[in-house]
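These notes are about the structure you will find just below.
The values are calculated or read from the model by the stated rules, or taken from the named source; none is laboratory data. Since this is a predicted model, take the numbers as computed values, not measurements. Counting neighbours? That spans all protein chains shown, and the Cβs are built from the backbone with ideal geometry, glycine included. Accessible surface areas use protein heavy atoms only, side chains included; no ligands, DNA or RNA. Shrake-Rupley method; radii C 1.70, N 1.55, O 1.52, S 1.80 Å.
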Amino acid sequence: MQIVRTIPDLRAALAARPGRPAFVPTMGNLHDGHIALVRQARPLGDTLVASIFVNRLQFLPHEDFDSYPRTWDADCARLEAAGCDIVFAPREGDLYPEPQTFKVQPDAQLADILEGHFRPGFFTGVCTVVMKLFSAVFFASGGGTAVFGKKDYQQLMVIRRMVEQFALPVTIVAGETERAADGLALSSRNGYLDVDERAAAVQLSQALRALAQATLAPGAAPPAALEQQALELLAQQGWAPDYLTVRRREDLQVPQGSVSSGTLVALGAARLGRTRLIDNLEF
Ligand code: PAF
């Protein structure tokens, strides 16, 4: 497995290999969810590239950029075992040699709601780095495939829109969320949870499941009332919820009129102690 730090080196490494890359972008601290994405990506290209880069642009000043876990040796071992060919791990100055004043600003209707509402600028930071990573990874081949996890459901949708709007020659493939035995979605931030919090953390996915069931129940109360009940229950369980909501899968807007299963997604974000977790459930 080759480790590459700079964009020119990555382009040169890829130019020396035939075919198209499959790409999995990450911020490192890899868990089984990331590795499932890497394994899914493996047959989707001739060369498998994973990136490890903690992207300052997508963190607010009070967020966990500095403390975000960096586990380089373990990450490389896991990537190699999963069949990765190239790890692109730029230092900050390699990806941002000068302040990144040109940015990719996604449309507000999709990116200023939910995560974007509670983390202003988050998706601008994500789109900007992903555009730059795509430029680095797909330059030599003229295109390829990138795999993003459904765990970050809104991020996946925003990236799909970006690819469409800029006509990027990249096929975006979605990976299913990996879960612990109790149902907690795997996330690098689960590592922040203490023992009691870890035991309680499954309550977020349980809240989403209950919200989805209540939404489809015959004679269900209006969605806003169901969401309010779900928020209150989670708060009683000791969480500080940002949102628990049911949206249309196609555009993440509030469903109008009667709802039908197979078209919706319940999304939630909430803090347990100092840890902010997100999850979602398609139904
Ligand atoms: O999902 C992530 O880990 C990040 O948002 C990504 C896509 C690697 C961009 O920094």
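Values computed for the structure shown
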quantity	calculated
Where only alpha carbons of region 138-283 are counted, the Rg and the Dmax (Å)	16.9, 56
Net charge of Cβ neighbours under 13 Å - reference residue 204; Lys, Arg +1; Asp, Glu -1	+3
Peptides 4-13, 144-153 ordered by average Cβ neighbours within 10 Å, highest first	144-153, 4-13
Dipole of the chain, positive direction: furthest Cα of 40, 266, 181, with charges on the beta-carbon	40
Global geometry of region 75-123, whether rounded, prolate or oblate, following the gyration tensor of its Cα atoms and the 1.5 cut on a/c	oblate
Two-decimal ratio, the chain, of alpha-carbon radius of gyration to 2.2 N^0.38 Å	1.02
Accessible-area order (highest first, 1.4 angstrom probe) of the listed residues 162, 131	131, 162
Cβ-placed point charges (K, R +1; D, E -1), dipole of region 163-237 about Cα centre in debye, nearest 20	100
Anisotropy class of region 163-203 from Cα gyration tensor, a/c 1.5 cut	prolate
Net charge of Cβ neighbours under 11 Å - reference residue 150; Lys, Arg +1; Asp, Glu -1	-3
1, 157, ranked by accessible area, largest first (probe 1.4 Å)	1, 157
Percent antiparallel among DSSP beta bridges (both partners in the chain, rounded to 5)	45
Heavy atoms of residue 118: accessible area, 1.4 Å probe, square angstrom to 10	80
Cubic angstrom per residue, convex hull over Cα atoms of region 28-129	134
Helix-only [θ]222 nm of the chain, DSSP H runs n ≥ 4, -39500 (n - 2.57) each, per residue, nearest 500	-10500 deg cm²/dmol
Normalised convex hull volume, region 1-86, alpha-carbon set, Å³ per residue	100
Within-14-Å neighbourhood charge of residue 82 [Cβ basis; K, R +1; D, E -1]	-2
Accessible area (Å², 1.4 Å probe, nearest 10) - residue 182	70
Accessible surface ranking that places the most exposed of 254, 129 first, with a 1.4 angstrom probe	254, 129
Residue 80 accessible area, 1.4 Å probe, all protein chains in place, Å² to nearest 10	110
